[in-house]
Amino acid sequence: MSATTTGRPFAEPAPSALLLLLGQGTDLLSERGVECAGALPAASDPDLVDRARAARAALGDRLFVLGHHYQRDEVIEFADVTGDSFKLAREAAARPDAEFILFCGVHFMAESADILTSAAQQVILPDLAAGCSMADMAAINQVEDAWDTLTDLGIAAQTVPVTYMNSTAAIKAFTGRHGGTVCTSSNAAVALRWAFDRVGGLDGTGKVLFMPDQHLGRNTAVRELGLSLADCVVFDPRKPNGGLAPGELEAARMILWRGHCSVHGRFSEANVRDIRAAVPGVTVLVHPECTHEVTEAADLVGSTEFIVKALDAAPAGSAWALGTELNLVRRLARAHPDKAVHYLDSTVCFCSTMNRIDLPHLVWAMESLVAGRTVNRVVVDADDAHWARVALDQMLALPGL
């Protein structure tokens, strides 16, 4: 059964709506440069699939292709492994014999793969414009200024930084330098408990600076750790002192960065009410990057991997409404024709930056490797890589990973 939106079949969007950039030239408004050295295959080339298969076969075991769950089907077809960002970074690290790691995801994911793989391996991102709007909401200079604010108030010493995997290498490095850890949406509660234990425990006065997604931090603290909404404040880097009075920062337990996911932030309580009215007995399952109001209205809240496993385990005939990225929802609907899988939002919304990885870029990157040219290699600064690895290793040492 195909995925539907509030009970109606999807209307396929025009191809031009999804192929936002073909990567030729330079887009000054994009998160990162998009210039491709050489000719990018035309999206209309009928031989693209055959060219991709030929290039993949020619590279053999020298190439390992990773595909994030939110990628287009045409890209996922060529992935050796699919998964969320953390799973894919670990898979890259577990393939020391692969000369090239082709990461079909977004920039921060390729950075994590570069940090976790050996210097002899080369990590490639088919389109350098595939950034992450959430990750870009926390610039390193802003975070350092925020830490200076906490230092001036005398509360930095009792604050542990925790950054989501969806952050740049520079932010992960900052976290490592200041004794913090990285977390995923799967282990955020474990990471926060570890952080609070470093500053006196959940019943104390210590704090966590959580970056860059405020919703994951709030949902985890309130829903899983038992803190209150009043314990959480939002730090806006564009305002003096984050837009907060000194007393608010001093009293807070969770200092949440003003960041969010542009896809998961679209879901609303009205979406939940509408799908319940349209599909009696539906189970609403949303990602923890959704707003607190949406997670409270849903039946289940879980990471991308949790969502995949929940659908795999669901009984035939069950009805589900998923609050996560549309490529994944549609793929799950096709994989489970015995279940009714609905998209929670009333409008179609892909992750636009994730969709910048398309078949033309994938073919271009692989054919360049076949020709002996490494394109779009992602290399993290050595000092940042060291401290980011410290934070990532701390995450790997947490229970449950």
- Message: Condition first: buried (at least 24 other Cβ atoms within 10 Å of the Cβ), more than 22 Å from residue 387 (Cα to Cα) and within 17 Å of the chain's Cα centre (by Cα). Can you find one or more residues in region 104-112 that meet it?
- Response: yes
- Task: Please verify whether region 269-284 includes one or more residues that are under 20 Å from the mean Cα position of the chain (by Cα) and at pLDDT 90 or above.
- Result: no
- Message: Could you check region 245-270 and list, in sequence order, the residues that are under 24 Å from residue 186 (Cβ atoms), in contact with an Asp or Glu (Cβ under 8 Å, 6 or more places away or on another chain) and not in a loop (DSSP other than H, G, I, E, B)?
- Response: 254, 257, 264, 265, 266
- Message: Restricting to region 123-143, give me the number of residues that are within 20 Å of residue 385 (Cα to Cα) and among the small types (Gly, Ala, Ser).
- Response: 4
- State yes or no: is residue 130 touching a strand residue (DSSP E or B) at 6+ places or on another chain (Cβ under 6 Å), among the small types (Gly, Ala, Ser) and either in a strand (DSSP E or B) or buried (at least 24 other Cβ atoms within 10 Å of the Cβ) (or both)? no
- Please find, among 204, 154, 180, the residue that is in contact (Cβ under 8 Å) with a residue 60 or more places away in the chain and under 25 Å from residue 228 (Cβ atoms). 180
- Could you tell me which residue of region 156-207 is surrounded by the most Cβ atoms within 10 Å (Cβ to Cβ), considering only residues that are under 14 Å from residue 393 (Cβ atoms) and more than 18 Å from the chain's Cα centre (by Cα)? 180
- Query: If only one of 242, 217 is in contact (Cβ under 8 Å) with a residue 24 or more places away in the chain, touching a helix residue (DSSP H, G or I) at 6+ places or on another chain (Cβ under 8 Å), assigned to a helix (DSSP H, G or I) and more than 30 Å from residue 321 (Cα to Cα), which one is it?
  - Reply: 242
- Would you be able to tell me the number of residues in region 169-214 that are in contact with a helix residue (DSSP H, G or I) (Cβ under 6 Å, 6 or more places away or on another chain), among the aromatic types (Phe, Trp, Tyr) and in a helix (DSSP H, G or I)? 1
- Meets criteria (surrounded by 23 or more Cβ atoms within 10 Å (Cβ to Cβ), out of contact with any Pro (no Cβ under 9 Å at 6 or more places or on another chain) and among the hydrophobic types (A, V, I, L, M, F, W, C)) for residue 379: no
- Item | helices (runs of 4 or more DSSP H) (entirely within region 1-115) containing at least 2 residues that are at pLDDT 50 or above | 48-59, 73-76, 85-93
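The values are calculated or read from the model by the stated rules, or taken from the named source; none is laboratory data. All of these numbers come straight from a predicted model, not from anything done at the bench. Please note: Cβ atoms are built from the backbone with ideal geometry, for glycine as well, and neighbour counts cover all protein chains shown.
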